[in-house]
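Values in this text are rule-based calculations from the coordinates and carry no lab data. Note that this is a predicted model, so its numbers are computed, not measured. Here the Cβ positions follow ideal geometry from the backbone for every residue, glycine too, while neighbour counts run over all protein chains shown.
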Amino acid sequence: MKKFLISFAEKLHLLIFGHKMSDQMRGFLGNLSWSFYGGILSMPITIAVGTLAGRFMGPEQYGKYNLVILVSTYIIALSFFGLDISTIKNVAKAKTKEQKQRSFFSSFVFVSLVTSVFLALMLIFRQKISSDFGLDMRIVISVVIYTVVVTCKLMLDILTRALEQFKLQAISRFIEIAVLALGFSAAVFLYHKIDFEIFLAIILSGAALVSLVYFAYLRSYFRHFSFATLRLQLAEGKFFMLSSILGTIFISSDRLLIAKYIGVSALGIYSAYYAASLALVTGLSLILTNVLLPATARTDDKSFVLKIDKLCIKGFIPIYLLICAAIFIFLNLFGKAYPLKLSYVLLFALIATIYFFQTVYNIVILDATRRRYVQYFLVSNVINLVNIAYYFVILKYVSKSIDLMLIGFALNVILTLLLQIIITRKMIKEASVQTEMSLGDSMVK
């Protein structure tokens with residue numbers, strides 16, 4: 001199967017780009033094949049279970065489930081302090097095992113301590129948080145439990161990616177998806193109608209088991225803590241952290257504002273469209289970016305970005321039509337409680353298609369020079385902040401219209417994609433000039 005996929009990819013590469021793939025690209029595809037197995041085989045089950053769970057829970061319970069994940073996402077973004085990206089880059093570039101151990105374990109200790117502090121404060125002030133933000137106490141407790149398990153799994157997954165252990169990652173995903181499918185089937189059989197807490201318990205059971213599998217294979221990396229290494233990674237990670245937090249604020253602002261100004265049931269319906277489009281595309285893009293980030297970190301040549309441009313042009317319409325079809329199918333599976341609206345389908349499909357290419361370009365920009373990354377960071381977040389202000393004005397003062405929100409979202413992803421293309425062009429030009437200067441110095445010597 002692996003040989004067949006690589007052979008098929010070689011023919012497709014020749015058809016799209018007009019030349020045979022390099023040895024480096026062939027090696028990249030070898031790693032990608034394991035990521036493909038882990039993602040493409042588990043994704044249909046994940047989406048099917050998530051869709052059926054939304055159907056069994058109903059819009060209100062499904063809205064609460066999404067609210068738990070949203071709040072937890074903020075805590076995780078703050079706790080990691082950008083160390084997720086900087087750890088992958090530094091472990092991938094490290095020459096010795098001890099350097100890799102120092103890079104990972106120093107980050108692991110920091111993230112564990114910061115997460116513990118945040119969650120302890122959340123438990124101490126749980127009554128105040130519940131009353132001030134209008135959250136059910138069950139949601140607050142669920143956020144704490146979910147964050148603990150998911151943080152542990154994420155840290156181990158980061159190490160697995162950095163070490164390019166994609167076979168281990170694929171096997172772990174098969175285990176997680178088996179627990180999800182069997183657990184959900186058992187819950188439906190026993191309870192007939194499940195709530196958000198039962199569904200979270202099923203998801204966390206799979207995540208906890210995967211964490212144990214990862215730890216069994218990677219326990220030798222839990223040593224050699226270094227303050228010096230941690231300081232260097234935090235210095236690099238602060239921009240990634242700010243980008244992650246602001247990105248999290250933007251990507252969740254639509255759903256948080258819908259929950260506040262329209263209601264939890266409306267959030268449930270919106271989340272169903274979101275899952276059938278953006279969540280689906282995020283899962284697909286992770287198959288590629290999972291392998292692309294460590295590979296990009298190890299190479300100074302960014303000219304492969306030109307291939308992404310061609311892929312963007314030739315693949316836009318087919319991907320858009322596929323996402324439209326996916327939304328129609330999954331919304332029907334969600335059931336009658338989730339109405340099918342054509343404008344939602346077309347706008348969500350447009351946003352998801354552009355977002356797919358955004359995630360790929362973003363991986364390249366993560367390895368940009370400090371000056372270029374800061375430039376991208378500032379401009380992209382100005383775009384996002386204007387978009388959040390637009391959401392707020394629309395929902396509070398104009399109309400409780402999700403269509404108008406989606407139009408603003410679509411404009412945002414278009415502008416951000418154009419910005420990414422400009423930045424990557426400048427990166428390629430700068431790398432080319434640097435290479436020419438290095439060759440000139442070598443000739444002089």
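So here's what we get for this one:
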item	result
Cross-link pairs beyond the 23 Å C-alpha cut-off, checked among K89/K238; K193/K260; K89/K426; K64/K193	K193/K260
Chain lengthening between K167 and S131 when straightened (0.36 nm per residue, less Cα-Cα)	8.4 nm
Net lengthening on full extension, A201/K341 (0.36 nm per residue, minus Cα-Cα)	47.2 nm
Loop-located trypsin sites (Lys or Arg not before Pro) in the stretch 54-105 whose Cβ has at most 10 other Cβ within 10 Å (DSSP)	K95
T369 paired with A235, simple spin-label distance in nm, labels 7 Å along Cα-to-beta-carbon	1.8 nm
